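**Q** Dumping the structure here so I can ask a few things about it.
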Amino acid sequence: MTGSTPPRKRRFPFPGADKGPSDGPHGVRDDERGSSGQGVVPAGSASLEATGDRGGLPAPGAAPVARRRAAVVRDKAVDLAREGVRKGGGRARAGLAHLTDRVIELAPRVPVRDLRTLRRQFPGLGPEQLADKLVAGAAHATSTVGAGIGAAAMMPVPLAMPTEIAAEITGVAAIELKLIAELHEVYGVRPPGNLKDRSTAYLRSWSGERGVDVLKPASFNGALGGQMKRELRQQIMKRMVRDLPNLMPFLVGAAVGALMNRRDTKKLAAKVRTDLRKIQVPWDALPALPPLEKPENPLPIGDETPGPSED
């Protein structure tokens with residue numbers, strides 16, 4: 001038949017002949033179709049499968065994604081830090097403003113002895129000797145407050161620390177305001193006005209660490225203006241920073257608080273007395289002054305007198 005294979009070209013199986021693998025030698029069906037098995041690649045041929053080992057190199061596109069993720073995490077951390085600082089600063093300002101208002105409220109409640117009462121309690125003393133007694137008593141009182149707060153903070157509790165510092169500042173402020181007012185009585189330069197006006201003048205003296213000059217009305221203006229409140233906040237902030245060592249544990253804070261409060265009170269008194277000596281009025285030249293008004297709800301501040309060992 002036309003187109004059929006001649007008999008001489010046909011292949012016949014002979015007994016005992018090696019037929020070989022049914023799909024070609026070495027798993028190859030034919031040269032054009034490549035390998036039919038998995039993992040068997042003839043020599044000289046290329047594999048189209050993806051290689052799993054890239055020699056430690058990152059996969060294509062992985063590095064940009066990692067950088068973007070790192071940038072997002074970094075930006076988020078920066079935002080959280082800024083938000084924390086903003087909230088913390090806001091709470092600190094609110095606490096400082098509250099403490100300032102507390103000191104302003106307690107100033108008119110501070111009991112002050114007038115010159116007649118002081119001379120009766122300390123007979124035979126001149127102005128400087130009487131002022132020394134007042135300073136020594138106030139220094140002893142503030143050191144007692146510092147020691148008490150330091151002892152209470154023997155085992156510091158973070159939530160109680162702001163309360164302890166606030167209690168110390170208000171206690172010390174009341175004692176020092178009383179000292180400033182009585183020093184003005186001793187040197188014969190009582191600020192004019194009523195109880196509220198004088199309390200404001202003593203607050204200004206305490207915040208500025210200076211005496212009240214009765215010859216300059218601006219120095220004892222009874223109005224609580226913005227500048228005076230800023231000075232009060234600055235003074236309270238300085239006291240807060242100085243009072244932080246009082247919170248050291250194991251009664252170390254008690255000793256530090258007593259020492260620092262004594263030193264600060266004496267330093268404040270020295271500055272105020274320096275200013276008051278410039279405008280001092282001798283006792284024999286003083287006009288008859290009316291007794292001081294008594295506060296409606298006076299603070300329980302004892303009239304401390306120094307012992308034999310006090311200087």
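The values are calculated or read from the model by the stated rules, or taken from the named source; none is laboratory data. Remember, predicted model here, so these are calculated numbers, not experimental data. Remember, those area values only see protein heavy atoms, side chains included, never the ligands or the DNA or RNA. Shrake-Rupley method; radii C 1.70, N 1.55, O 1.52, S 1.80 Å.
**Q** Restricting attention to the stretch 255-281, which residues are more than 28 Å from the chain's Cα centre (by Cα) and open to solvent by less than 60 Å² (accessible area, probe 1.4 Å)?
**A** Pass one, the stretch 255-281, residues more than 28 Å from the chain's Cα centre (by Cα): 269-281.
Matches in the stretch 255-281: Ala269, Ala270, Val272, Arg273, Asp275, Leu276, Ile279, Val281.
**Q** Lys196 fails exactly one of the following numbered conditions: (1) open to solvent by 60 Å² or more (accessible area, probe 1.4 Å); (2) over 22 Å from Ile169 (Cα atoms); (3) at pLDDT 70 or above. What is the number of that condition?
**A** Every listed condition holds for Lys196 apart from (2).
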